[in-house]
Amino acid sequence: MIYFDHSATTPVHPDVLDLMNSIQKGVYGNPSSIHKLGRKAKSVVENARKQVAKSIGAAPNQIIFTSGGTEANNQVFWSRINQDKKHVISDTIEHPAVLKALSQIAIFGIDHDLVTVNEKGCVSITDLESAITENTGLISIMLANNEVGTMQPLKEITELAHEKNILVHTDAVQCLGKMPIDVNNLGVDFLSLSAHKFYGPKGIGILYFKNKESLSALMIGGGQESGLRAGTENIGSIAGMGLAAELATDELGNHITELKSFESSFKSELLSFSPNAIFNGDPENKLPGLVSVSFPGYRSDILLAKLDRAGMAVSSGSACGAGEVKPSGVLSAMGVDDKTNISTLRFSFGASNTSEQVDLLLSELKTILTD
């Protein structure tokens, strides 16, 4: 099958697989043990911490390993229970790991407001400022959207927040390897990543934090990860994430160029035989290689099925249930009507693709859409 769903997950880089296999075979000590095997395991964990930290411009002691972006996001929000300011601001197109977590912690007195986005999927600084109250302690805005790729003005958001003594969290899960990330330049207080989005293994991620005092442990136990995330470390996956982060940043320039090339040829050729196709999001300020496109008159579930039978993996811009297609909440929040919404597909190109594969995808789409 030809894979065009890299925003959902990426295939593990061969070098990462090799490293993980060698770690699983030869490094089986507990990193908390003080004997030689334990120290060897600990060194693997700390080397990976340095690699991940370097990839986002952080210090190693500002990184804790989690099970992924969802856990990292949750830890930031549940930490608000132990902070004085109980109001959080986010937006209407965040990932469920943000929106559902915010709803859940309401029972502990943490209230939140969601600002809207424009038709391109971008939040307004003015709207954010208007939502701020004296009790606002955190603003959480994703760096780039997972469905349409729109990048948010995070640096400006952080500057506004810090002027008012408000912390900023960003879900940057979609971004490493597709754009430069520097936590110092962005100014954020928290940042979440997940390895399987940049050719690393599933089930491992990180949370960056600027100051330890602003964070509480979500997993309670033996005190690993500087007391912020208990549980024996997943050494093989941590090592894999470290190498994946290093490779993603080393290859960033070439990868961005390739993704932009795939996207450009895909869009121009698609419009030549499907002129009614509608591209969603911000055409300029977006992640490279992520294309959300609506095909008016064609249901996304039917398009998905036809592409799947042709051996091509893409994703829907909406949530497919048993026998029904529900509009995407992200697209609805951007003002996309339901009919257009349920005709949307997301194509996300990646390192496993070639220009020949993109041509095959276009050929198959032409057959489906002009049949």
Fill in: Loop-resident sites, segment 98-148, for GluC sites (Glu not before Pro), counting at most 13 other Cβ within 10 Å (DSSP)
Glu119, Glu134
Fill in: Sequence of Ile206, Ile157, Ile302 once ranked by neighbouring C-beta atoms within 10 Å, starting from the fewest
Ile302, Ile157, Ile206
Discussion item. I'd like the FRET efficiency for Ile220 and Asp18, computed as 1/(1 + (r/R0)^6) with the beta carbon distance as r and R0 of 30 Å, rounded to 0.05.
Written reply: 0.30
Worksheet item: Among bridges DSSP assigns within the chain, what percent are antiparallel (round to 5)?
Response: 55
Discussion item. Could you check the spin-label model distance between Asn285 and Lys50? Points 7 Å from the Cα along Cα→Cβ, value in nm.
Written reply: 3.8
Practice prompt. Please sort by residue number the GluC sites (Glu not before Pro) in segment 211-305 whose DSSP state is loop and whose Cβ has at most 10 other Cβ atoms within 10 Å.
Written response: Glu284
Worksheet item: Which of these values of volume of the Cα convex hull per residue in Å³ was calculated from the structure shown: (1) 127; (2) 139; (3) 114?
Response: (2)
Item to complete: Let me have the 222 nm mean residue ellipticity of the chain computed from DSSP H runs of 4+ only, each contributing -39500 (n - 2.57), with the sum over all residues rounded to the nearest 500.
Response: -12000 deg cm²/dmol
Worksheet item: Within the set Lys100/Lys155; Lys155/Lys366; Lys25/Lys202; Lys50/Lys202; Lys50/Lys286, which residue pairs have Cα atoms separated by over 30 Å?
Response: Lys155/Lys366
Worksheet item: By how many nm would the segment from Thr9 to Asn184 grow when fully extended, if each residue of separation counts as 0.36 nm and the alpha-carbon distance is taken off?
Response: 60.3 nm
Discussion item. Which of Thr249, Thr370, Thr354 has the fewest other C-beta atoms within 10 Å, and how do the rest follow up to the most?
Written reply: Thr370, Thr354, Thr249
Fill in: Segment Lys202-Ile81, length gained on full extension (0.36 nm per residue, minus Cα span)
40.7 nm
Discussion item. Modelling each spin label as a point 7 Å along the Cα-to-Cβ direction, I'd like the Asp337/Asp371 distance in nm, to one decimal.
Written reply: 2.6
Worksheet item: Which of the lysines could be linked to Lys339 by a straight reach, that is with a Cα gap under 19 Å, when you skip same-chain ones fewer than 8 residues away?
Response: Lys120, Lys326
Discussion item. Quick test of the membrane-span-like rule: which DSSP H helices of the chain reach at least 24 Å along their long axis (C-alpha atoms) with mean Kyte hydropathy at least -1.0?
Written reply: 36-56, 252-273
Item to complete: Show me 193-205, 270-282, 3-15 ranked by packing, highest mean number of other Cβ atoms within 10 Å first.
Response: 193-205, 3-15, 270-282
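Read-outs throughout are calculated quantities, based only on the coordinates presented, and are distinct from any laboratory measurement. Everything numeric in this text was worked out from a predicted model, so none of it was measured. Cβ: placed from backbone, ideal geometry, glycine included. Neighbour counts: every protein chain shown.
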